[in-house]
Amino acid sequence: MRVIAPQPGILDIALYQGGASHIDGVTDVLKLSSNENPFGPSGPATEAVQAAAVNLHRYPSIDHAPVRAAIADVHGLDPDRIIMGVGSDEILSLLALCYAGEGDEVLYTEHGFSIYPIVARAAGATPVVAQEKDRVVDVDAVLGAITGETRLIYIANPANPTGTMLPMSELARLADGVPESCLLVLDGAYAEFVDGYDGGASLVEARNNVVMTRTFSKIYGLGGLRVGWGYAPRAIIDVLNRVRGPFNMSLLALAGAEAAVRDTDFVDTCRRVNTEERARLTGGLRQMGIACDDSFANFVLARFGDEAEATAAEAYFKTQGILVRLVKGYGFPEALRITVGRPEDVTRVLDAMAEFRGMV
Ligand SMILES: *Cc1c(COP(=O)(O)O)cnc(C)c1O
């Protein structure tokens, strides 16, 4: 007799591990484990969510036209090539469901974001990993790993958890080398932290097999609202729209995102403070002999001498009420990923690190 069983690949999925959010017995935890905006959301975004709450008995819009228009306006994009998702995770997942299946390969890099193998396996496809070079995406290794079966390539730029990024010339070389039979997905979750970087939008517009994803969870400080978006050729948007739930975006999510994207002053301020504080955090760590690459995002990957030291540092930070992220699952047992906080948070991190280093 046939028993009920999930589709192939599903039971191979390792559950996503999020950043911890509390420490037993500590009330004012400094959470630097999930790359959230330490300043919270912008005031207008919070007000828009509150104002929208009076209409909670109404179904939300299906086409998300007002928020797509706002995004198109602010970023100078075509609203008809934008799709809204429940976080950019939903867009990444829809792409895998629509374009990959059994026998297909989904390619990403050595230290790539842990959602990529999850969405690949959920679609029944086979995850394939290309090596990086000194914690940076290696365009030649990615191109070399493409086979006739490759359907999707996920590249985060800047990348998580390394914080490194490819310059536009390398991204263009990558896009040029990807065959028509394969989609290149540029995950721009941290694009707003890089002054002048379009997240790959120009590559989307110049080709028919490049997609960009973006999120409101990082610089916009709206991780709890769950809003992301994708920018893709019209034919791909049309495919994704057939599969996404018609009411995937809640009324509150749509209202908050629209107000947030229009508050460009808030984004500019957050980018500027992040750049300053990231430099202070990076410099301070290096001064203590802790290696870190130049980060282009809102976190720094601090590499210790070995796994034991990274584990001890994470535990010590916890005793000081500070949560940072162990990244063993990403192939960095000797490292901690530390979100860039407010100036006073960075000072607290550097002080705690100096104390920790003084103890060992
Ligand atoms: C945080 C993050 C996302 C965003 O996920 P959401 O679902 O939009 O919250 C996407 N990609 C990477 C690499 C990230 O670090």
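Readers should treat all values here as calculations from the given coordinates under stated rules, not as data from a laboratory. As the structure is a prediction and not an experimental result, all values here were calculated from the model. Note that each Cβ is placed from the backbone with ideal geometry, even for glycine, and that neighbours are counted across all protein chains shown.
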(message) Could you give the length gained by full extension between Ala69 and Gln7, i.e. 0.36 nm per residue of separation minus their alpha carbon distance, to one decimal place?
(response) 18.5 nm
(message) Take Arg173 and Asp294, extend 7 Å from each Cα along the Cα→Cβ direction, and tell me the distance between the two endpoints in nm.
(response) 1.7 nm
(request) Note down the nm distance, to one decimal, between modelled labels 7 Å out along Cα→Cβ at His22 and at Ile62. (result) 4.1 nm
(message) Could you tell me how far the Cα centroid of the range 257-305 sits from the Cα centroid of the range 10-73, in Å?
(response) 20 Å
(request) Name the shape class, rounded, prolate or oblate, that the alpha-carbon gyration tensor gives for the range 64-169, where a ≥ b ≥ c are the square roots of its eigenvalues, rounded holds for a/c under 1.5, and otherwise prolate holds if a/b is larger than b/c and oblate otherwise. (result) oblate
(request) Please figure out what share of the DSSP beta bridges in the chain is antiparallel and state it in percent, rounded to the nearest 5. (result) 50 percent
(message) With a 10 Å cut-off between alpha carbons and a GNM built on the chain, which of Ala14, Ala175, Ala145 moves the most?
(response) Ala14
(message) Taking 0.36 nm per residue of sequence separation and subtracting the Cα-Cα distance, how much length would be gained by fully extending the chain between Asp140 and Gln287, in nm to one decimal?
(response) 49.5 nm
(message) Suppose we keep just the alpha-carbon trace of the range 242-320; what are its Rg and Dmax in angstrom?
(response) 19.2, 53
(request) Work out how much length Asp306 to Asn55 would gain on full extension: take 0.36 nm times their residue separation and subtract the Cα-Cα distance, in nm to one decimal. (result) 85.0 nm
(request) Hey, could you grab the Kirkwood Rh for the chain? Inverse mean 1/r over distinct alpha carbon pairs, Å, one decimal. (result) 21.2 Å
(message) Only sites in a loop by DSSP and with at most 15 other Cβ atoms within 10 Å count here; which GluC sites (Glu not before Pro) in the range 173-226 make the cut?
(response) Glu180
(request) Name all residues of the range 196-213 having a backbone nitrogen under 15 Å from the label point set 7 Å from the Cα of Thr275 along its Cα→Cβ direction, giving them as ranges. (result) 196-198
(request) Please list 239-247, 99-107, 217-225, 272-280 highest first by mean number of surrounding beta-carbon atoms within 10 Å per residue. (result) 217-225, 99-107, 272-280, 239-247
(request) Report, in deg cm²/dmol and to the nearest 500, the calculated mean residue ellipticity at 222 nm for the chain, where each DSSP H run with n ≥ 4 adds -39500 (n - 2.57) and the sum is divided by the residue count. (result) -12000 deg cm²/dmol
